[in-house]
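Have a look at the structure below before the remarks.
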Amino acid sequence: MEKIVIFDMDGVLVDTEPVYYKRLEDFLISRGYAFPRAVLDRLVGESSRKTFSILKQADPAFYDSEETYRRDYRAYHQGQRIDYRELANPHVHQTLNQLKNTGWRLALASSSPRANIEQVLRELAILPLFEVIASGNDFRESKPNPEIYLHVAAQLYAKPQQCTVIEDSTYGIQAAVRAGMRVLAKRDERYGFDQSPAHALFDDLAEIPALLEGSPADALH
């Protein structure tokens, strides 16, 4: 039986979401846009393409083109250095290496741009642990569309039901469930995520190996 785990990145392996949230909010304010928290919360875990779409829908006077928005946003944060090692969630190295050493095949499916994914994984020194890495920007539709997870399964020559996904966001969990995969969700109550569709919840990455072998009652929602 195949033992496959597909990880999301932001919020699961690294706690980048508060940093990205604040950076985007500051950028929008600097350009004269004040979006309510309900709109900003919807952006957590989204691809840059979907982020633009949500902001444009919330304010039709927002940027005329996604290209211009992305150019200005890149220029705004270009000099802002993020130390991803400081944002690594507890036990990330221990958990990934334990899974790898016990025969689990690891993959990653993130909504972030590929260059950012590879930068984070390199800085954390975990890039070689993943057999397949997929970026949401490589697909027409981002999460909650299941395409990214189905693509990763296909790259691993695995059936969806052979895969377990580690997620946190509403859209990520929905995407994995729609792909027909088992979902373990890292508990996060900061952004109003609906984690109820997940098969089990956990607080620390160190809980994952035991959850993969079963579903302890205290981890089930």
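Here, each number is a calculation from the coordinates, and none is a lab measurement. The shown structure was predicted, so the numbers you read here are calculated from the model rather than taken from an experiment. As a convention, Cβ positions derive from the backbone with ideal geometry for all residues, glycine included, and neighbour counts pool all protein chains shown.
Overview of values
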item	result
Neighbour cut-off at most 10 other Cβ (10 Å), DSSP loop, GluC sites (Glu not before Pro), the stretch 106-204	GLU189
Under Karplus coefficients 6.51, -1.76 and 1.60, residue-wise ³J(HN,Hα) of the stretch 166-183 in Hz, glycine/proline x	10, 9, 9, 7, 3, 5, x, 5, 4, 4, 5, 5, 5, 7, x, 10, 6, 10
Other-chain or far-sequence residues with amide H under 5 Å of ARG105's (modelled H)	LYS3, ILE4, VAL5
Given (1) -0.43; (2) -0.51; (3) -0.35, the label whose value is log10 I(q)/I(0) by the Debye sum over Cα atoms at q = 0.09 Å⁻¹ derived from this model	(3)
Per-residue HN-Hα couplings for the stretch 16-23 [Karplus 6.51, -1.76, 1.60; θ = phi - 60°; Hz; x = Gly/Pro]	7, 4, x, 5, 5, 4, 5, 5
Total lysine pairs under 25 Å (Cα atoms) in the chain, excluding pairs fewer than 8 apart on one chain	16
The stretch 120-216: trypsin sites (Lys or Arg not before Pro) falling in loop per DSSP and having at most 10 other Cβ within 10 Å	ARG140
For the chain, calculated [θ]222 nm from helices alone, where every DSSP H run of n ≥ 4 adds -39500 (n - 2.57)	-11500 deg cm²/dmol
Gain in span if fully extended, SER30 to ARG71, counting 0.36 nm per residue against the direct Cα distance	13.3 nm
Centroid-to-centroid separation of the stretch 109-155 and the stretch 1-59 [C-alpha atoms, Å]	16 Å
